[in-house]
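Colleague: Input: one structure, supplied below.
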Amino acid sequence: MEISRARPEDADALAALLARFFAEKGFAASPDEIRRRADVFLVEQANAAFLAVEGGLPVGTATVTTVFGFETGRQAEIEDLYVLPGWRSRGVGKALVEAARGWCREHGCTDVEVVVTPEGEARHGLGTWYRSLGFAETGRRILHLRG
């Protein structure tokens with residue numbers, strides 16, 4: 001398996017994986033919206049996406065965004081982590097997170113965060129899985145306002 005940073009020419013593969021992920025989770029973005037956003041995402045310097053490829057087949061992805069603030073300086077969030085169902089529990093997710101964390105270190109990120117939804121916890125035990133990779137609860141809550 002090869003893990004590499006996605007480039008603009010990888011937009012189709014990235015968008016296809018994310019469309020499957022979003023469909024599984026019931027997110028509203030359509031495949032066309034995701035594909036258009038992939039073009040923008042992949043040229044933003046503060047973002048990175050990683051693809052796991054096995055035998056020419058993209059089997060997983062991780063996406064990272066960063067912000068710069070006064071409290072911590074450059075901070076990252078692993079926004080999306082998706083592995084095709086047949087490839088789960090084979091170390092693909094862990095390898096993608098490690099690649100994302102490496103990129104974050106190279107780009108001066110002091111913190112890397114991940115949001116675990118109640119659904120992700122219930123279905124996949126993501127909180128426990130991320131804790132096994134060194135992530136810790138902060139006690140902070142995310143409040144959301146759309147638009």
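FYI, it's all coordinate maths here, none of it is from the lab. It should be emphasised that the depicted structure is a prediction, and the values quoted were computed from it without experimental measurement. When we count neighbours, we look across all protein chains shown, and the Cβ atoms used for this are built from the backbone with ideal geometry, even at glycine.
Colleague: Give me a comma-separated list of calculated 3J(HN,Hα) values for segment 66-75, in order, Karplus coefficients 6.51, -1.76, 1.60 applied at θ = phi - 60°, integers in Hz, x for any Gly or Pro.
Modeller: Listing the rounded values in order: 10, 9, 10, x, 6, 5, 10, x, 6, 10 Hz.
Colleague: For V59, what residues show an amide H to amide H distance below 5 Å, using hydrogens built from the backbone and excluding near sequence neighbours?
Modeller: A52, V53, E54
Colleague: Over segment 2-132, what is the mean sequence separation of C-alpha contacts under 8 Å (at least six apart), divided by residue count, expressed as relative contact order in percent?
Modeller: It comes to 21 percent, rounded to a whole number.
Colleague: Same structure again: Can you give me the C-alpha center-to-center distance between segment 56-104 and segment 1-45, rounded to a whole angstrom?
Modeller: 13 Å
Colleague: State to the nearest 20 debye the size of the charge dipole of the chain about its Cα centre, where the only charges are +1 on K and R beta carbons and -1 on D and E beta carbons.
Modeller: 280 debye
Colleague: Under the rule of -39500 (n - 2.57) per DSSP H run of 4 or more residues, summed and divided by the residues of the chain, what mean residue ellipticity at 222 nm is obtained, to the nearest 500 deg cm²/dmol?
Modeller: It comes out at -11500 deg cm²/dmol, rounded to the nearest 500.
Colleague: Of the listed values [x] -0.67, -1.06; [y] -0.34, -1.05; [z] -0.40, -0.89, identify the label whose number matches log10 I(q)/I(0) by the Debye sum over Cα atoms at q = 0.10, 0.17 Å⁻¹ calculated from this model.
Modeller: Comparing each candidate, only [y] matches the computed number.
Colleague: Still on this model: With each label point set 7 Å from Cα along the Cα-Cβ vector, what nm distance links R88 and E9?
Modeller: Taking the simple label geometry, R88 and E9 are separated by 3.3 nm.
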